[in-house]
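Peer 1: There's a structure below that I have some questions on.
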Amino acid sequence: MFASRKSSPKHLFQSNAVRRSLRPILVAWALVALPTQVSAQADEQCVLSAPSERALATMLQASSDVTFEGTVLFERSGSRQFLTVASTAEGNRGELRRMNAGANPRSEFWPIPSRSLTRICHVLEVYVPRLESGRIIAGRSTQRLTLRPRDTLRLTHLVDMDQSTGLPLAMITLDLDGQMLERYEYAAIEYESVIPDASVGNVVDAEYKRGRNIVPGYFLISENPDRGLFVVSDGLATASVFVEPLPAGAPVGEGAIIEGATLTYTRGVRSGSGGLLISVLGEVPFVTARLLADAVRPPLEDS
């Protein structure tokens, strides 16, 4: 949602000395960890004809079009947090502080996505948007944009977007059974500026690149084979895949922990070179995490 979830859990990384000694094993796998299963299609701009599609475009680009600050209620897994949220003066990242986490909370930052029509088209490939009237949030009128997945590999999002700016003022994330995983809602928000020409027709594809497809609808957006780190996205949801040597004495098999909409999935596997610990962290269903872990294969299995 606000904070980046690409960082790994503490148990995913061992000491640098251990990692250096096992790097030849790790790199042999990591270089083909996420093989090309389907060739990435050439990026083609889609036509945004329906009101729901144009609303999606407005919502996705709103965070880069407006400068704002506000107070947010964030709930998940039975916990409640109050956050102060703002876009920075540079306009390329957001800032938040968790106000009930402790005295003088530190600032956390997350990158604000660039304006990209290609990204909008990618989201429409895997989600079906529906637009309807919304409720009053933070003293502002909203529209409800529902994004339902076209398959079982992603979650449903109910977004209440500011009718004037398109900024999401509230969001509910649902699991495959329609149960709420987490939600956030602005209690108050103030806008400092709005880019004058923020129409869909003026969207530019700045710094948005789609890599090879990994599993249906998810494509590579960054990778660091030396560290065994791969990040995939469907244009809306993001998941990180971590590959490291299996610690001595660690059991094989799989396990998962879910906190709100964030799933942490781990799988220990044995191989001829020792073993791997594969971890997937992101706002994806269990079945998607399994498929991403399945994509981690040794070179001889790559096709």
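The values are calculated or read from the model by the stated rules, or taken from the named source; none is laboratory data. A quick note: this is a predicted structure, and the numbers were derived from the prediction, not measured. All Cβ positions, even for glycine, are placed from backbone atoms using ideal geometry, and neighbour counts span all protein chains on display.
Peer 1: What single numbered condition from (1) at pLDDT 95 or above; (2) within 26 Å of Leu263 (Cβ to Cβ) fails to hold for Arg119?
Peer 2: If we test Arg119 against (1) at pLDDT 95 or above; (2) within 26 Å of Leu263 (Cβ to Cβ), just (1) comes out false.
Peer 1: Please verify whether Asp162 is touching a strand residue (DSSP E or B) at 6+ places or on another chain (Cβ under 8 Å) and buried (at least 20 other Cβ atoms within 10 Å of the Cβ), treating the condition exactly as stated.
Peer 2: Yes; evaluated as a whole, the condition is true for this residue.
Here's the yes/no breakdown for (1) part of a helix (DSSP H, G or I); (2) in contact with a Cys (Cβ under 8 Å, 6 or more places away or on another chain); (3) free of Cβ contacts under 8 Å to residues at least 24 places away in the same chain; (4) surrounded by fewer than 17 Cβ atoms within 10 Å (Cβ to Cβ):
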| site | (1), (2), (3), (4) |
| --- | --- |
| Gln45 | no, yes, no, yes |
| Leu48 | no, no, no, no |
| Ser52 | yes, no, no, no |
| Ala57 | yes, no, no, no |
| Glu75 | no, no, no, yes |
| Leu96 | no, no, no, no |
| Gly102 | no, no, yes, yes |
| Arg115 | no, no, no, no |
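Peer 1: Can you give me the number of residues within segment 69-125 that are out of contact with any strand residue (DSSP E or B) (no Cβ under 8 Å at 6 or more places or on another chain) and charged (D, E, K, R)?
Peer 2: Number satisfying all stated conditions: 4.
Peer 1: Counting only residues that are more than 14 Å from Ser52 (Cβ to Cβ) and either touching a Pro at 6+ places or on another chain (Cβ under 8 Å) or of a type in the set (Lys, Arg) (or both), how many does segment 133-149 have?
Peer 2: 2
Peer 1: So in segment 132-151, with the set limited to residues that are under 25 Å from the mean Cα position of the chain (by Cα) and of a type in the set (Val, Ile, Thr), which one is nearest to Leu236 (Cα to Cα)?
Peer 2: That would be Thr146.
Peer 1: Still on this model: Would it be correct to say that Ile136 is closer than 20 Å to Thr71 by Cα, modelled with pLDDT of 95 or more and among the hydrophobic types (A, V, I, L, M, F, W, C)?
Peer 2: Against the criterion (closer than 20 Å to Thr71 by Cα, modelled with pLDDT of 95 or more and among the hydrophobic types (A, V, I, L, M, F, W, C)), Ile136 qualifies.
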